[in-house]
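The values are calculated or read from the model by the stated rules, or taken from the named source; none is laboratory data. Computed from a predicted structure; not experimentally measured. Cβ: placed from backbone, ideal geometry, glycine included. Neighbour counts: every protein chain shown.
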Ligand code: PLP
């Protein structure tokens with residue numbers, strides 16, 4: 001693979017970052033994953049806008065290369081001949097002597113690489129996901145897309161150990177989101193319910209697009225918290241993220257939803273999303 005590190009495209013084995021990088025020592029970094037379909041970037045502007053928001057929220061300066069970010073994305077896709085998958089981008093505050101205080105003259109680093117993945121014809125999406133619930137033990141600024149992914153990583157391990165695909169996190173009795181995706185239910189009356197935006201969840205770029213498409217298709221949408229009991233009693237459930245698009249959930253804490261296959265609303269939204277994503281890709 002050819003990767004990008006601070007101004008250079010080079011083979012992954014030659015890419016280097018300092019051991020003093022604050023991303024490595026303190027998780028002082030933010031990231032984005034933009035999906036690639038047919039060699040094109042899906043919702044690039046959405047991801048760039050959120051990236052800028054994350055940088056501002058952490059008072060992190062922009063690294064060199066920010067003005068050419070779209071070109072770097074495209075060049076990486078081209079050099080790796082990527083047709084379907086994602087581009088991972090990470091910005092950290094860079095290397096500095098270890099100190100809790102931010103360095104006075106930070107030199108942020110920018111790292112990017114491609115991820116080849118089958119997104120459209122995903123077997124997991126055909127079958128639907130089994131979800132368990134876990135307590136949400138993350139910090140309070142989940143709206144900032146930081147590289148502090150240890151708890152989500154633990155959550156995925158808990159799900160795996162329980163024979164499930166993923167975990168939804170619960171705080172004060174209500175679902176916040178999935179370990180790496182936003183969480184939705186479809187009530188028996190057909191209303192799509194997902195938690196409203198706040199500091200409690202990541203503002204998913206896929207979420208914004210999917211809710212827009214759902215409303216355009218005259219589907220009922222409610223942005224409010226829901227409980228695990230409501231989820232287990234729902235007609236359907238699904239998740240969204242840049243790399244899973246819309247993926248149906250078929251089991252929640254051991255309770256099968258509907259007939260155990262991804263439901264009609266989830267399947268329709270997945271179809272609409274993929275069609276629109278291909279149209280908007282740049
Ligand atoms: N929520 C969390 C915690 C995530 O990590 C992600 C994606 O990585 C999402 C939601 C979905 O966001 P997006 O649709 O922008 O990929």
>> Contact list please: Cβ distance under 6 Å, first residue in region 47-60 and on the phi > 0 side of the Ramachandran plot, second residue surrounded by fewer than 16 Cβ atoms within 10 Å (Cβ to Cβ), pairs at least six apart or on different chains.
In response: none
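Residue-wise test of (1) surrounded by fewer than 16 Cβ atoms within 10 Å (Cβ to Cβ); (2) part of a helix (DSSP H, G or I); (3) assigned by TED's automatic domain parsing to the domain that holds residue 268.
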{"site": "50", "(1), (2), (3)": "no, yes, no"}
{"site": "60", "(1), (2), (3)": "no, no, no"}
{"site": "73", "(1), (2), (3)": "no, yes, no"}
{"site": "81", "(1), (2), (3)": "yes, no, no"}
{"site": "105", "(1), (2), (3)": "yes, no, no"}
{"site": "110", "(1), (2), (3)": "no, no, no"}
> Given the conditions (1) surrounded by 15 or more Cβ atoms within 10 Å (Cβ to Cβ); (2) farther than 26 Å from residue 157 by Cα; (3) under 19 Å from the mean Cα position of the chain (by Cα), and given that residue 237 satisfies all but one, which numbered condition is not satisfied?
Replying inline: (2)
> Tally time: how many residues in region 193-224 are free of Cβ contacts under 8 Å to residues at least 40 places away in the same chain, in contact with a strand residue (DSSP E or B) (Cβ under 9 Å, 6 or more places away or on another chain) and either under 20 Å from residue 146 (Cβ atoms) or assigned to a helix (DSSP H, G or I) (or both)?
Replying inline: 5
>> Criterion first (touching a residue at least 12 places away in the same chain (Cβ under 8 Å) and more than 16 Å from the ligand (Cβ to nearest atom)) does residue 167 satisfy it?
In response: no
>> Quick test of your reading of the structure: residue 83 fulfils all but one of (1) touching a strand residue (DSSP E or B) at 6+ places or on another chain (Cβ under 6 Å); (2) at negative phi. Name the failing condition by number.
In response: (1)
> What about residue 272, is it at negative phi, outside any loop (DSSP other than H, G, I, E, B) and more than 11 Å from the ligand (Cβ to nearest atom)?
Replying inline: yes
>> Which count do you get for residues in region 1-17 that are surrounded by fewer than 14 Cβ atoms within 10 Å (Cβ to Cβ) and in contact with a helix residue (DSSP H, G or I) (Cβ under 8 Å, 6 or more places away or on another chain)?
In response: 0
> Is it the case that residue 175 is part of a strand (DSSP E or B) and touching a helix residue (DSSP H, G or I) at 6+ places or on another chain (Cβ under 8 Å)?
Replying inline: yes
> Only one of (1) in contact with a strand residue (DSSP E or B) (Cβ under 9 Å, 6 or more places away or on another chain); (2) part of a helix (DSSP H, G or I) is not met by residue 144, so which one is it?
Replying inline: (2)
